[in-house]
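Step one of this worksheet: look at the structure below.
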Amino acid sequence: MIVLLKYRAAFIAVLFGLFGGALSKLLAIDEMVFYYAALASIIGLVVNLMVSFMLKGKWNTHVKYSLKAISGILFAALIISLYWHTKFFISGTFAFENFNNDISYYIKGSQYTPIAQRFLKENPLIHSDEDLIREGFGSPAEKDKVWTQESIDANWLKLLTSYCLIVIFFVALISLLIEILLSKYGKSTKKLMF
């Protein structure tokens, strides 16, 4: 571990090679299974590094508490941004199953067009967005006939912004923890390893 910590850039590249796919799955509006797997791997990595940081060595009390507070704030910000992104994902997308039984997620709007409102009044048995798209408009490619473009763009922007916040807080927290582990605990960990 210490050898990897000495080469922070390579270590971060390896981390993003391993967990970058997880980050990309958060915005890829695709099957929900991969979405939750991505969340689990990100949180697992962060918690692992935070525990290592909290349990090792002693140093200047003021610096130690400041860095712990900063890492705690970053971790809380990461969890809050994950919550909001999940909320936006649930409210801003719809699932659509194609003929091969593959489920894909598409960004939807929050305001129906007059055509969609009229179709819903004429067909009161339609209760889901997937049914509305399938029965009334044929495919997700026609979603701009169901929701106004402004509302689709607003949901797209919410999802993109919340995803970017996740990446920012994730990278900040990982970078801080790696730096702390390397600068303050490298020697003590090296002694334990040999």
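The values are calculated or read from the model by the stated rules, or taken from the named source; none is laboratory data. Just so it is clear, the structure is predicted and the values come from calculations on it, not from any experiment. FYI the Cβ positions are ideal-geometry reconstructions off the backbone, even for glycines, and counts take in every protein chain you see. Side chains are part of the model used for accessible areas, which takes the heavy atoms of the whole protein and leaves out ligands, DNA and RNA. Shrake-Rupley method; radii C 1.70, N 1.55, O 1.52, S 1.80 Å.
One residue is enough: does the stretch 155-171 have a residue meeting the conditions under 14 Å from THR93 (Cα atoms), modelled with pLDDT of 80 or more and either over 18 Å from the mean Cα position of the chain (by Cα) or not in a helix (DSSP H, G or I) (or both)? For the stretch 155-171, residues under 14 Å from THR93 (Cα atoms), modelled with pLDDT of 80 or more and either over 18 Å from the mean Cα position of the chain (by Cα) or not in a helix (DSSP H, G or I) (or both): absent. Tell me, yes or no, whether the stretch 105-116 has at least one residue that is in contact with a Pro (Cβ under 6 Å, 6 or more places away or on another chain) and either buried (at least 19 other Cβ atoms within 10 Å of the Cβ) or of a type outside the set (Gly, Ala, Ser) (or both). Yes, the conditions are met somewhere in the stretch 105-116. Looking across the stretch 58-104 at every residue that is more than 20 Å from PHE170 (Cα to Cα) and among the hydrophobic types (A, V, I, L, M, F, W, C), the one that is most open to solvent (accessible area, probe 1.4 Å) is identified as PHE99.
Criterion applied to ILE80, ILE107, ILE90 was being modelled with pLDDT of 80 or more, among the β-branched types (Val, Ile, Thr) and farther than 23 Å from ILE152 by Cα, and the one residue passing it is ILE80.
Kindly indicate the residue of the stretch 126-137 that is under 14 Å from ALA95 (Cα atoms) and part of a loop (DSSP other than H, G, I, E, B) and also farthest from the chain's Cα centre (by Cα) among those meeting that condition. In this case the residue turns out to be HIS127. Scanning the stretch 133-150 for residues being more than 13 Å from GLU97 (Cα to Cα), open to solvent by less than 80 Å² (accessible area, probe 1.4 Å) and touching a helix residue (DSSP H, G or I) at 6+ places or on another chain (Cβ under 8 Å) gives a total of 6.
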